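For reference, the structure discussed in these notes is given below.
The values are calculated or read from the model by the stated rules, or taken from the named source; none is laboratory data. Everything numeric here is computed off the predicted structure, so don't read it as measured data. Note that we place each Cβ from the backbone using ideal geometry, even for glycine, and neighbour counts take in every protein chain shown. Heavy atoms of the whole protein, side chains included, go into the accessibility calculation; ligands, DNA and RNA do not. Shrake-Rupley method; radii C 1.70, N 1.55, O 1.52, S 1.80 Å.
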Amino acid sequence: MTYDVIIAGGGPAGLSAAVYLGRFLRRTLVVDAGQGRSAFPQINENYLGFPRGVAARRLRELGRRQAVRFGVAFAEGSITAVRREARSGLFAVESGSGAWQARALILATGVTDIWPAFAGAHRYVGRSLFWCITCDGFRTRGQQVLLIGAADSAVTTACQFLRYTDRLTFLAVDSGCSPGGLRTLREHRIAVVEGAIERVEGARGLVRRVRAGGRWLETDLMFSLLGAVPNTAPAAQLGVLLDDTGYIRIDREQRTNVPCVYAAGDVTGPYAHQVTSAVHEGAMAAQAANYDLYEDFQQE
Ligand SMILES: Cc1cc2nc3c(=O)[nH]c(=O)nc-3n(C[C@H](O)[C@H](O)[C@H](O)COP(=O)(O)OP(=O)(O)OC[C@H]3O[C@@H](n4cnc5c(N)ncnc54)[C@H](O)[C@@H]3O)c2cc1C
């Protein structure tokens with residue numbers, strides 16, 4: 001089966017692109033590994049149109065149903081190989097569940113967060129373990145918060161949390177923070193503990209206390225300030241250029257350096273990792289792809 005567009009990734013960016021492409025009457029397939037940031041149980045409180053918030057997983061489910069209504073097909077699985085065929089100019093895409101061809105590709109593969117290393121950490125993500133002050137700073141008002149960082153960039157974010165709560169402890173892991181950084185934290189009356197997480201106690205994803213640096217820390221919420229790694233394996237196979245930070249380089253309309261390959265969502269840059277931004281970029285990528293696919297459009 002040859003599609004007009006294959007979308008790698010079924011999070012908010014990929015689903016938004018899918019809805020637009022379906023409505024452009026483009027034969028569209030979403031190949032999705034079913035994980036990513038939008039597959040955790042968090043409630044998105046800042047996405048427009050949901051006064052009581054919307055679960056990230058629910059938003060995915062709704063987006064998928066919306067895309068299916070416009071004729072978009074879905075395949076489960078991780079894309080393992082992708083290349084452009086010299087003779088046909090088509091992209092050949094393979095995953096564990098199948099192989100397909102397409103005239104254009106949208107890469108919406110997101111990022112992989114670095115979560116703190118303790119047994120069962122994933123059970124806490126989206127319930128009492130977060131990473132993003134823009135998304136979840138608001139929920140920390142008056143709470144006892146443990147910030148886990150390994151670099152001075154985390155120190156800056158830690159100080160920004162003071163807007164919401166002064167009950168902050170910074171756990172400096174992996175000796176990555178400079179003495180000056182740790183001094184800045186103490187000057188802002190943020191408690192500093194150095195050492196690894198030894199144990200986490202809680203139930204149903206809700207943390208109660210954390211043992212680190214040889215002491216127990218009462219904790220309502222944890223934030224990992226350890227960063228994330230963009231999922232660029234398919235991009236690398238196509239020769240798509242990355243920027244200095246390792247994210248996919250795009251132009252203002254989500255085009256990459258490879259003709260008919262577009263990128264959208266968290267994978268396109270280290271900032272503005274939001275559902276709103278992902279949905280916007282997905283829609284932009286779909287519009288660029290649709291334009292470029294018109295029969296009278298000639299690629300160089
Ligand atoms: C705990 C938590 C709380 C958050 N809270 C908020 C919030 O309140 N508000 C907000 O706006 N944002 C929030 N975010 C961020 C938001 O979830 C992301 O910005 C958003 O999901 C990005 O969408 P995306 O489509 O780019 O990536 P993702 O949602 O990560 O989706 C990427 C998809 O691509 C798939 N994929 C990756 N590689 C491949 C491959 N090789 N082949 C096939 N599929 C692949 C993944 O499995 C995944 O399904 C939160 C994130 C987390 C983790």
Residues that are modelled with pLDDT of 95 or more, open to solvent by less than 70 Å² (accessible area, probe 1.4 Å), assigned by TED's automatic domain parsing to the domain that holds residue 13 and within 26 Å of residue 125 (Cβ to Cβ): does the range 96-103 have at least one? no
Which of the residues that make up the range 71-84 are open to solvent by 50 Å² or more (accessible area, probe 1.4 Å) and at negative phi? 76, 78, 80, 83, 84
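Looking at the range 272-300 only, could you name the residues that are more than 18 Å from residue 18 (Cβ to Cβ) and out of contact with any helix residue (DSSP H, G or I) (no Cβ under 9 Å at 6 or more places or on another chain)? Break it down stepwise before answering.
From the range 272-300, those more than 18 Å from residue 18 (Cβ to Cβ) are 272-274, 294-300; that's our starting set.
294, 295, 296, 298, 300 - these are the residues of the range 272-300 that are more than 18 Å from residue 18 (Cβ to Cβ) and out of contact with any helix residue (DSSP H, G or I) (no Cβ under 9 Å at 6 or more places or on another chain).
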Strands (runs of 3 or more DSSP E) wholly in the range 184-300 with at least 2 residues that are open to solvent by 20 Å² or more (accessible area, probe 1.4 Å) - which ones? 191-194, 197-203, 206-212, 215-218, 228-230
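Test residue 134 against the criterion of being open to solvent by less than 40 Å² (accessible area, probe 1.4 Å), of a type in the set (S, T, N, Q) and either in a loop (DSSP other than H, G, I, E, B) or not assigned by TED's automatic domain parsing to the domain that holds residue 52 (or both), and give yes or no. Even if it seems obvious, please write down each step before you answer.
Numbers: open to solvent by less than 40 Å² (accessible area, probe 1.4 Å): no; of a type in the set (S, T, N, Q): yes; either in a loop (DSSP other than H, G, I, E, B) or not assigned by TED's automatic domain parsing to the domain that holds residue 52 (or both): yes.
Taking the combined requirement at face value, the residue does not satisfy it.
Using the structure shown, decide if residue 196 is aliphatic (A, V, I, L, M), under 19 Å from the mean Cα position of the chain (by Cα) and within 28 Å of residue 36 (Cβ to Cβ). Working first, answer last.
Numbers: aliphatic (A, V, I, L, M): yes; under 19 Å from the mean Cα position of the chain (by Cα): no; within 28 Å of residue 36 (Cβ to Cβ): yes.
Judged against the criteria, residue 196 is not a match.
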Residues that are within 20 Å of residue 289 (Cα to Cα) and more than 14 Å from the ligand (Cβ to nearest atom): which strands (runs of 3 or more DSSP E) entirely in the range 1-102 hold 3 or more of them? 2-8
For residues that are buried (at least 20 other Cβ atoms within 10 Å of the Cβ) and among the polar types (S, T, N, Q), scanning just the range 104-131, find the one that is farthest from residue 209 (Cα to Cα). 109
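Residue-wise test of (1) touching a residue at least 40 places away in the same chain (Cβ under 8 Å); (2) within 11 Å of the ligand (Cβ to nearest atom); (3) more than 13 Å from the chain's Cα centre (by Cα).
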| site | (1), (2), (3) |
| --- | --- |
| 227 | yes, no, no |
| 245 | no, no, yes |
| 267 | yes, yes, no |
| 283 | yes, no, yes |
